[in-house]
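The values are calculated or read from the model by the stated rules, or taken from the named source; none is laboratory data. Computed from a predicted model, the values in this text were never measured in an experiment. Cβ placement follows ideal geometry from the backbone for every residue including glycine, while neighbour counts extend to all protein chains displayed. With ligands, DNA and RNA removed, areas are computed over all heavy atoms of the protein, side chains included. Shrake-Rupley method; radii C 1.70, N 1.55, O 1.52, S 1.80 Å.
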Amino acid sequence: MIQLETQSIQLNAVANSKAEAISVVGQLLVGNGNMQPAYIQSMLQREQVSNTYLGNGIAIPHGLASDRELIHETGIAIAQFPQGLDWNTGETVYLVIGIAARSDEHIELLANLTHILDDVAAIQHLANTTDPMHIIRRLTQGSAAASDEPLPDDFPCHEDVVLKGKAGMHARPATAFVDIARQFECDIRVRCGSKVANGKSMLALLKLGAETQSTLRIMAQGKDETLAVAALAEAVRNGLEDEEELTEQDSQAAHATPVLELTTPAITGIAASPGIAIAPLHRFHPETLEFAAMADDPQHETERLKQAIATGMRQLQALHEEVNARSGAKQAAIFLAHQELLGEPDLLAEAIRTIHLGHSAGWAWNLSVQQKAAEVESLQDALLRERAADLRDVGSRVLRLLAHAKDQASCMPDTPVILVAEDLSPSDTAKLDPTRVLGILTAAGGPTAHTAIIARSLDIPAVVSAGDTVLTLPEGALCILDGDNGKCYISPVAEDIERAEKSRQQRHAIRHMEALACYQPAFTTDGQRIEVVANAGSAQEVELAIQAGAEGIGLLRTEFLFLHRDAPPTEDEQFATYHAMTRSLNGLPLIIRTLDIGGDKEAPYLQLPPEQNPFLGMRGIRLCLAKPELFRTQLRAIYRAANTGPIRIMFPMIASIEELLAAKEIAEEVRKELHAPNVEFGIMIEVPSAVMMASELARHVNFFSIGTNDLTQYVLAMDRMHPHLARQADALHPAVLRMIDLTVKAAREAGIWVGVCGGIAGDPKGAAILSGLGVSELSVSISSVSSIKARLRKLSSRDNQQLAQTALRCKTAAEVRAL
């Protein structure tokens, strides 16, 4: 970092205009030998193309990138204007920080500015101080300097509360805290010991380093301060959303497994995901990204960055839904935390400031992310340090949209392998195919990192933190990976391979016996049966669902056939996919939801115009009716497949009788053309109008399937993809449950059955309430099939009905979950 000396500071400076103020700091830089006088003109020209006002009384004038040859040595000069200086309309400046930068040495000092931009008292102090060392210390020591000063007085409205949970204030608890804090307008601070953090910033909360049983002082100041403190204190007392980690029970289960004793020398790491894998090693090479350091159009670069972040948010939401469907809500919550990280205002603000210094969006974003990640890595708590990997993962997601790949990420071979890497990001791990990646071996990482959590959810054995030696292992070398004991054996002898394979088969047999119960139907203790089926989004998932004990497919999301391609799938392509599924199901029912593109799912070849509110626009059945050829092609494929197994057709997003009748009319025309058999029809109940018209709609269908994810979104008017509102969009809200109750009653009067294919069907509490309301089919994520069946077998229908009626009388989702 550059040295800032007293000769670079001019206190009580005088200027009548912005140009004169720039000249004052420019002369300081010239006098200190940092630049030629001509660079002052370049600084003035910069003001014509971009605004260098940072906010809260600070401006950072600097020259054009094309004039860098006029700079001798990177330097900074500061002019103090205690009376204030008009910079632009409505902008008053007290500190003018002139920059002559040949390299990025000045960036750390500018980063320190971000620590005081929202600290009005600190800026006023620097604007009026008569000691230049006050300015130097604050700008060169940043937040560290702040810790040497007296801490601000606590807000009068505050409450002390003990932090519960297993792992302290980590990613998911911090995310949950911020989600609640942002519902209030007041200023919120959290004190832990001598550290104080902004309660609306996830990164700030992480840097508190608050461990379990730490005392937090929750402080608020503003018109709703009392409500804010009460809500946040109650949330902390209830445990927030504690970080999943290897529990003592997990550890005992691992030690209960016989230790694999081999004669081949072992490389020892840390056990992160249990199991044994035997396969050749394959080195994972992450892609190398290239981006220019400098750019001349700050406005364009800022817009590029904002668009990339918005795209990254959409990608993370899609990844959240994919992992939720495959592995369950706990594992998917990792990517809600990633959304929260990506939405951190400091990341964007610091990147934009760097852009206005002449850097490209990619360079500025990468610098901002790396600085924040380094801050997290400097924390003492080992679990918190692992969150730096999440931050870098989030940063790389955006950077890939701003840069181009010099070296592409290595492709997976067609044969099964054990993947070797320095480390894997959560996003990379979530994309792995367990049939091709049998194990994971990393040089770095930890057992409580999100990567390890996802590996466990995918049932992929993993050993982490095995050291850099693993990066030099020969490609293709046979390896035995022992995920229970944290060991890997390279080029094992034949006897060890035989022992490991025998152990692997024994474990598989034990797990198979344990899983046999998943094929038993779900009867309550008093004899009521609830059918448990699965949601699927591919032919492979249908196969996995059957293996998991699903009694059919309650929701086939056909969008996977239409997305990420340049043209829609042909009729034959769709038929082949549906036929493969009926073969796998071998007589079990398959409910095919017709195309539900729109909202958060886009297909460029459809050339749909941009919509201000896509979730309220052309999506679901509306799109199919607007593009009848697309609709007819899919219906033809479905009816052809109906000759090969029991298929039901389900229309999405039905909002009116007219839409349902129009869809059925087209379907009947297609059926007659093909001389196909009749099939049962159902509709998704996802919008309030469908609930209120359920009695009329029920006369025209054989079943209802309630999509609680979208129904919750529309009933509560909360975007379920919104990073800050998603957690509040709880399908166990009484308003949503009352909608479900109305739907079930209308269906019962019409003599048709009702299923639920939304998220709460796979929630143990939700399953009990839904069955109590009269829902007869639950369509859940594949990983939830056996657990939901087991849960229902322990309950009585009478208790479920009483629970449901009590839930309907509750006032909040929290009350329902507390029953």
Quiz prompt | Principal-axis tilt of helix 361-377 within the chain, Cα atoms, nearest 10 degrees | solution = 90
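Can you give the % of DSSP beta bridges in the chain that are antiparallel, to the nearest 5?
Numbers: 48 of 91 bridges.
Percent antiparallel among DSSP bridges in the chain is about 55.
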Quiz item: What angle do you read, to the nearest 10 degrees and between 0 and 90, between the alpha-carbon axis of helix 657-674 and the longest principal axis of the chain?
Solution: 60
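How much length would be gained if the chain were fully extended between ALA818 and GLU475, taking 0.36 nm per residue of separation minus their Cα-Cα distance, in nm to one decimal?
Working: separation 343, 0.36 × 343 = 123.48 nm, distance 5.31 nm.
Full extension of this stretch gives 118.2 nm more.
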Practice problem: Using Cα centres only, tell me the gap between segment 275-313 and segment 486-504 in whole Å. | Solution: 38
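About the Cα centre of segment 737-819, what is the dipole size in debye to 20, counting +1 per Lys and Arg Cβ and -1 per Asp and Glu Cβ, all else neutral? Don't jump to the answer; show the numbers that get you there.
Working: 12 positive and 6 negative charges, 46 e Å.
Roughly 220 debye for segment 737-819.
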Quiz item: Percent relative contact order of segment 1-88, based on C-alpha pairs within less than 8 angstrom and at least six residues apart?
Solution: 43
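With a sphere of radius 12 Å drawn around the Cβ of ASN702, what net charge do the other residues whose Cβ falls strictly inside it have (Lys, Arg +1; Asp, Glu -1)?
Neighbour charge sum, excluding ASN702 itself: +2.
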Quiz item: By the scheme Lys and Arg +1, Asp and Glu -1, what is the net charge of all other residues having a beta-carbon under 12 Å from that of LEU773?
Solution: +2
Quiz item: What residue among VAL701, ALA662, ILE638 has its Cα farthest toward the positive end of the dipole of segment 624-732, where the charges are +1 on Lys, Arg and -1 on Asp, Glu, each on the Cβ?
Solution: ILE638
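In the calculated pair distance distribution of the chain, what percentage of Cα-Cα distances lie above 53 Å?
So the portion of pairs separated by more than 53 Å is 21 percent.
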Self-check item: Lys/Arg +1, Asp/Glu -1 at C-beta; segment 479-582 dipole; positive extreme among ALA517, LEU544, VAL533
Solution: ALA517
Self-check item: Between segment 42-96 and segment 426-466, the Cα center-to-center distance that results, in Å
Solution: 48
Quiz item: What spacing in nm lies between the two simple spin-label points modelled at THR264 and GLN547, each 7 Å away from Cα in the Cβ direction?
Solution: 2.4
Quiz item: Along the charge dipole of the chain, which of LEU227, LEU674, ALA59 sits closest to the positive end, that is, farthest toward it, with unit charges on the beta carbon of Lys, Arg, Asp and Glu (+1, +1, -1, -1)?
Solution: LEU674
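Once fully extended, how much extra length lies between ASP297 and SER787, figured as 0.36 nm per residue of separation less the alpha-carbon to alpha-carbon distance? Don't jump to the answer; show the numbers that get you there.
On the way: separation 490, 0.36 × 490 = 176.40 nm, distance 5.52 nm.
Value of the extension gain: 170.9 nm.
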Quiz item: Are there GluC sites (Glu not before Pro) in segment 574-660 that DSSP puts in a loop and that have at most 16 other Cβ atoms within 10 Å, and which ones?
Solution: GLU602, GLU611
Exercise. Starting from the Cα-Cα distance between THR435 and LYS164, subtract it from 0.36 nm times their residue separation and give me the gain in nm to one decimal.
Key: 93.7 nm
Quiz item: Between segment 741-760 and segment 581-648, how many Å separate their Cα centres?
Solution: 22
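Taking Rh as the Kirkwood radius computed over C-alpha pairs, what is the Stokes-Einstein D of segment 272-321 at 37 °C in a medium of viscosity 0.692 mPa s, expressed in µm² per second? Working shown, then result.
Working: Rh = 15.4 Å.
Stokes-Einstein gives a translational diffusion coefficient of 213 µm²/s.
Give the ranking of THR215, THR263, THR175 by solvent-accessible surface, highest area first, calculated with a 1.4 Å probe. Show your work: numbers first, answer last.
Values: THR215 75, THR263 100, THR175 0 Å².
Order by accessible area, largest first: THR263, THR215, THR175.
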Practice problem: Rounded to the nearest 0.05, what FRET efficiency do THR215 and ASN88 give with R0 = 56 Å and r taken as the Cβ-Cβ distance? Could you check? | Solution: 0.75
Exercise. Between LYS794 and GLN540, take the C-beta separation as r, use R0 = 25 Å, and let me know the FRET efficiency to the nearest 0.05.
Key: 0.20
Quiz item: Using a simple spin-label model with points 7 Å from Cα along the Cα→Cβ vector, what separation in nm is obtained for THR74 and ARG529?
Solution: 7.2
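Taking only C-alpha pairs under 8 Å that are 6+ residues apart, what is the relative contact order of the chain in percent?
Numbers: 1629 pairs, mean separation 76.5, N = 819.
Taking the mean separation of contacting Cα pairs over the length of the chain, I get 9 percent.
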Quiz item: Where the only charges are on Cβ atoms (+1 Lys, Arg; -1 Asp, Glu), what is the dipole of the chain about its Cα centre, to the nearest 20 debye?
Solution: 2220
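Helix-only estimate, please: 222 nm mean residue ellipticity of the chain, summing -39500 (n - 2.57) across DSSP H runs of length 4 or more and dividing by its residues, to the nearest 500. Could the numbers behind the result be given before it?
Details: 31 runs with 357 residues, N = 819.
-13500 deg cm²/dmol, from helical runs alone.
Could you report the chain's accessible area per residue, 1.4 Å probe, as an integer in Å²? Show your work: numbers first, answer last.
On the way: 34530 Å² over 819 residues.
Value for the chain: 42 Å² per residue.
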Quiz item: Between ALA38 and ASP131, what FRET efficiency comes out of the Förster formula 1/(1 + (r/R0)^6) with R0 = 25 Å and r the beta carbon distance, rounded to 0.05?
Solution: 0.15
Self-check item: segment 525-653: projected area of the alpha-carbon convex hull, averaged over directions, in nm²
Solution: 9.2
Practice problem: Compute the long axis of helix 345-355 from its Cα atoms, compare it with the longest principal axis of the Cα atoms of the chain, and write down the angle in degrees, 0 to 90, nearest 10. | Solution: 50
Quiz item: Between ASP459 and ASN613, what is the label-to-label distance in nm when each label sits 7 Å out along the Cα-to-Cβ direction?
Solution: 4.4
